[in-house]
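The values are calculated or read from the model by the stated rules, or taken from the named source; none is laboratory data. Quantities reported herein were computed from a predicted structural model and do not represent experimental measurements. Cβ atoms come from the backbone with ideal geometry, glycine included; neighbour counts cover every protein chain shown.
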Amino acid sequence: MISTIWRDRPWVRDAATAALVLAAELLGFPYTGLDVRVVSIAVASAGLMLLRRRQPIVVAGLVGVLYLVGTLPFPYDAPVSAMLIALYTVGRHTPAPASIVTAALAVAGGWVVHNMPAAIAGGSPAMILPLALAPALPVAAGYIVRLQAELSHRREVQIAENAVRAERRRIARELHDVIAHHVSVVGLYMGVARRTIPTDPERARLALLTGENTARQAMTEMRRLLDVLRTDGEPIENQAGVGVARLPALIEESGNATLEASGEAVELPTTVDHAVYRIVQEALTNTRKHADGARARVRLAYLPDLVEVEINDDGRPRPGVVRPGLGLAGMAERVSLCGGEMRAGPAHEGGFTVHARIPLPEKT
């Protein structure tokens, strides 16, 4: 729960950072004891940490001013911890050009404030160069962390997109294999009938009959194929157990879930009926796989022009990185084929949520 709050509520992290800066500046410094100047700089630096994500460059500039005030004149009371965090935030939350400019200004400011020319006169270049470039290090660290997070997000998105593309290729391949042959045969016999009507009506009639039978067979196989695709390869005879009407039995079988239905129930199109059932089934399966022992709540709502289904669980994910699998991609594909939209991810209050909204055809 604590990790979820820390991840999903940035203001909690900012408040903790502000408290850390305040403690560091009041306890770690100053050298001359607490006075109005020291406390004012510490409180102002900590307060700016609450704004660092929204205005990272502005906060870095203001902390730099406080740093200058704390450095000059002597004694030294500069907010070092706030300066480091502000520079890190610039690298973490701003584009590369802004990060580079900020790092350059920080290096130049440090050069002037710490009297680098005098230090150069009395020291070796091997000692002076790291000291001069030190202000750029927090910016670089923040930028590296940002790049790692972006790459990780891109990998997850790529995995999900690849799963959807693979499913679409499978559907396209199956449709082609089953339908293309029959359609080509129908076209062939229609051509024969067209050419032979004037000279051989009986042959034309037989060609049309063959084309009609072939078209009927194509429709039968297409319906069978679509049923199989909608049920991930289950036999057609199992369709009687798939649909919203069987949700109570599915919930009871799960042993750790409840069902809440609202609105006036209506007869759903077959594709929507099967999609709702499969979404609930897959979500409950994921709960058992990834959050063992968690309780789930299934909410089904009939609205005037759509049906809405939401599955929430209160479990904590198992340790380790969980990669998006084919289950979520399959659910998203089902909803997309029905013209709806779906979102899935960790909930703010903990657990995992799957939410889908599928439009219903207008009543005639």
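Can you tell me which residues in segment 1-53 are assigned to a loop (DSSP other than H, G, I, E, B), modelled with pLDDT of 80 or more and surrounded by fewer than 14 Cβ atoms within 10 Å (Cβ to Cβ)? Steps first, answer last, please.
Keep residues of segment 1-53 that are assigned to a loop (DSSP other than H, G, I, E, B), which gives 1, 9, 29-35, 52-53.
Still in the list and also modelled with pLDDT of 80 or more: 52-53.
Correct list: empty.
Checking Gly211 against (1) surrounded by 12 or more Cβ atoms within 10 Å (Cβ to Cβ); (2) under 30 Å from Glu310 (Cβ atoms); (3) at pLDDT 70 or above, only one condition comes out false. Which one?
Just one mismatch for Gly211, condition (2).
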